[in-house]
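Written out below as structure tokens is the structure these notes cover.
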Amino acid sequence: MGGIGLIGRIDVGAAALRARLEVLTRQVSDGRKGPGYGDIAPEARRAIDLRADMARREAWQGTISRTLARTEVTQNALGRMADIATQFYQEAIRLDGTNTSRISAVAAQARAALEEFANLMNERHAGEYMFGGSDSANPPIPDPAGIASSGMAADIAAAVAGLGGGNAAAVGAATLAAASSDAAGTTPFSAFLSDPAQGLAEARRGVPAAEGERVAYGLFANRNAAAASDGETTGSWARDILRGLATLAAMDPSQAALGTDFTDLMATVRDGLRSAIDAIGVERGALGAIEQRLETTARRHEEVSIALAIQLAGIEEVDMAETLSRLQATQTQLEASYRAISMVSGLTLTQFLR
């Protein structure tokens, strides 16, 4: 009976060793202290907080990454818009009223550039229009292919057609009014962007970059964001470019004979395009600063997340070297228990395990 009682006690100890061996084997396999928060008490609450903080930072990094992809597309579009404005600024310098064939060529090029510029205003990324404000699902210029015959372009063409008799200033004012208008039937921009209660009044599109930090990055097709236009301007660099292109597109070779009226109108075109070029430069620079800020913030989130992950690992993960050592010691103890049972019962270990 004493032998049986001793075997029972040894077997109970062996069962405890087997349970410990199972836990240690799993820990060596996955590196974690356990599958539940009870396995890491009393630091379970801290682990939950660390995971939540890491999840927030991962979400912020994701939104920043998507925003930087949008700003890259926007920067590329702005670069091409600046190229168009620069090209026709230079053409307006060359149009001195002595080369009628050049006037015809520039007018044709300006009509094509109007459509290209309108399509750039409708630039998209991942299905979202970059210059549409919060109305990112709809184009800011609904009919880019027909912009040369839009109400704005028609009003400018009518004003240019009446050039002569010392009225260059009045023609310039008329083109300015047409390009500045938000009236339906005149403006080429969407109803949303032209509505004083919607697109004309809303804040720039922004991205949550950190706790309590929202970074504005959006641009609008029909008004400036960071830039302030100066000089002969509508107050919007995009409108100024459309105005300049529509004016050049409406020029007729016969108007070269108008002398001062022609050169004065070209000076007005140059002033507007020059203002637009400067304003686009400001917008690109400001957007670049926003990109740098977002990149810095994303790096900070990444660095903090690494530090948090190290802290979390200290709570949830085992010391692998120590665990392997304990595993080997437990295996040795378990084997010794089996041998003891075998000796007491008169059985071999192999027979005991059958």
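None of the figures in this text is laboratory data; all of them are computed from the coordinates on show. Just so we're clear, the structure is a prediction, and the values are computed from it rather than from any experiment. No Cβ is skipped: glycine too gets one built from the backbone with ideal geometry, and neighbour counts run over all protein chains shown.
This ranking places Arg299, Arg57, Arg204 by how few other beta-carbon atoms lie within 10 Å of each, fewest first, which gives Arg299, Arg204, Arg57.
Over segment 111-219, what lengths in whole Å, largest first, do the semi-axes of the equivalent ellipsoid take, defined as the square roots of 5 times the eigenvalues of the alpha-carbon gyration tensor?
Equivalent ellipsoid semi-axes, largest first: 33, 16, 11 Å.
Considering Cα pairs under 8 angstrom that are at least six residues apart, work out the relative contact order of the chain and quote it in whole percent. Mind dumping the intermediate values first?
Values: 480 pairs, mean separation 99.0, N = 354.
Relative contact order, the chain: 28 percent.
A Gaussian network model of the chain, with springs between Cα atoms under 10 Å, assigns the largest mean-square fluctuation among Val171, Val12, Val215 to Val12.
Between amide H atoms placed 1.01 Å from N, distances below 5 Å from Arg32 occur with Val318, all of them 5 or more places distant or on a separate chain. For volume of the Cα convex hull per residue in Å³, the choices are (i) 140; (ii) 186; (iii) 130; which was calculated from the structure? Looking at volume of the Cα convex hull per residue in Å³ for this model, the match is (ii).
Sequence-ordered 3J(HN,Hα) estimates for segment 170-185 from the Karplus curve with 6.51, -1.76 and 1.60 and θ = phi - 60° stand at 5, 5, x, 5, 5, 5, 5, 5, 5, 6, 7, 5, 10, 6, 4, x Hz, glycine and proline given as x.
So if R0 is 56 Å, what FRET efficiency would Ala154 and Gln311 give, r being the distance between their Cβ atoms, rounded to the nearest 0.05?
Details: r = 66 Å, r/R0 = 1.19.
Rounded to the nearest 0.05, the efficiency is 0.25.
Taken one residue at a time, the phi angles of segment 105-112 give Karplus couplings (6.51, -1.76, 1.60, θ = phi - 60°) of 5, 5, 4, 5, 5, 5, 5, 5 Hz. Gly and Pro are set to x.
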